[in-house]
Amino acid sequence: MKVLVTGFQPFGTDTMNPAYEAVKLLPNEIAGAEVVKIEIPVVYYKGANIIEEAIEREKPDIVISVGQAGGRAAMTVERVAINLAECPNFADNEGNTPDGRRIQEDGKDAYFATVPVKAMVKNMHDHGIPSAISYSAGTYVCNDVMYNLLYILDKKYPGVKGGFIHVPFDTKQAIGRPITTPSMPIGTIAEALRCCVEAAVENKDDVVIECGTTH
């Protein structure tokens, strides 16, 4: 079995992105599966294009993309991506600021992750790492990558499972930000990702745990 894991380059005012920094720390084999790691740009469509090229090249069984969600206090496994790119006040790394367009005209309004999201959260909990399922990947490049990944898998690689994980700020990124800014050490983020990959490899079907939100 092979797992492709992607992480984003830095964006905005940050000089590092804990997503790829943690991905780089993953072992090359988890639960008997080979792990392939690549960095992708924070640019609408380009990240997804690079992922598709990697899928064609590597022939993975599972694809997990990882992005930063500064302000979140826990690891969050995304459950759904929506067919919407809308972030007019925050440009990607090439200055693109979409204002409400569909990501794929022939795509579904939404795609659900096909990795075992509950099992991934449970494994992180079992290792003492704060984590939860998220029901919104936003409308920035993270959602764009997740949506396009699931669109590509649905259209071209139906046997491959896919998903997306948001990580908090690394501890060093909290320096100079408000004292209430949540963060997590990069080593803990990497261990959390290892738990997620392990759960995705070992669980063909998802587990049952309490989840869901009221808002």
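Selection among L26, A48, G107 by position relative to the dipole of the range 17-122 gives L26 as farthest towards the positive end (Cβ unit charges, Cα centre). Extension gain, K2 to E94: 0.36 nm times the residue separation minus the Cα-Cα distance gives 30.0 nm.
By average Cβ neighbour count within 10 Å, what is the ranking of 109-118, 8-17, 88-97, 136-145 from highest down?
Values: 109-118: 19.3, 8-17: 15.4, 88-97: 12.8, 136-145: 23.1.
My ranking of the peptides, most packed first, is 136-145, 109-118, 8-17, 88-97.
Split the accessible area of the chain by element, probe 1.4 Å, and carbon with sulfur accounts for 51%.
Note on the chain: dipole from Cβ charges, positive end direction compared against I129, G71, F169; the farthest Cα belongs to I129. Electrostatic bookkeeping for A137 treats Lys and Arg as +1 and Asp and Glu as -1; over the other residues with beta carbon under 11 Å from its beta carbon, the sum is -1.
Given +1 on the Cβ of Lys and Arg, -1 on the Cβ of Asp and Glu, and no further charges, what dipole in debye does the chain carry about its Cα centre, rounded to the nearest 20? Walk me through the intermediate numbers first.
Numbers: 20 positive and 28 negative charges, 36 e Å.
Here the chain has a charge dipole of around 180 debye.
For the listed residue pairs K108/K156; K59/K161; K122/K156; K2/K24; K118/K156, the alpha carbons are over 21 angstrom apart in K122/K156; K118/K156. Measuring r between the beta carbons of K108 and A73 and using R0 = 30 Å, the FRET efficiency lands at 0.45.
Phi angles across the range 15-20 convert, under the Karplus curve 6.51 cos²θ - 1.76 cosθ + 1.60 with θ = phi - 60°, into 3J(HN,Hα) values of 9, 9, 10, x, 4, 6 Hz, Gly and Pro given as x. In this structure the chain gives 45 Å² per residue of accessible area when probed at 1.4 Å with all protein chains present.
If a spin label sat at a point 7 angstrom from the Cα of Y135 along the line to its beta carbon, the backbone N atoms of the range 43-84 nearer than 19 Å would be those of 72-84.
Residues in the range 144-150 carry Karplus couplings, in order, of 4, 5, 4, 4, 5, 4, 5 Hz; the curve used is 6.51 cos²θ - 1.76 cosθ + 1.60 with θ = phi - 60°, and Gly or Pro positions show x. Remark on I165: its backbone amide H falls under 5 Å from those of S65, V66, G67, E78, a criterion applied only to residues 5 or more positions apart or on other chains, H modelled at 1.01 Å from N.
The values are calculated or read from the model by the stated rules, or taken from the named source; none is laboratory data. Quick caveat, the model's predicted, so the values are computed rather than measured. All Cβ positions, glycine included, derive from the backbone under ideal geometry; neighbour counts span all protein chains shown. Only protein heavy atoms, including side chains, enter the accessible area calculation; ligands, DNA and RNA are left aside. Shrake-Rupley method; radii C 1.70, N 1.55, O 1.52, S 1.80 Å.
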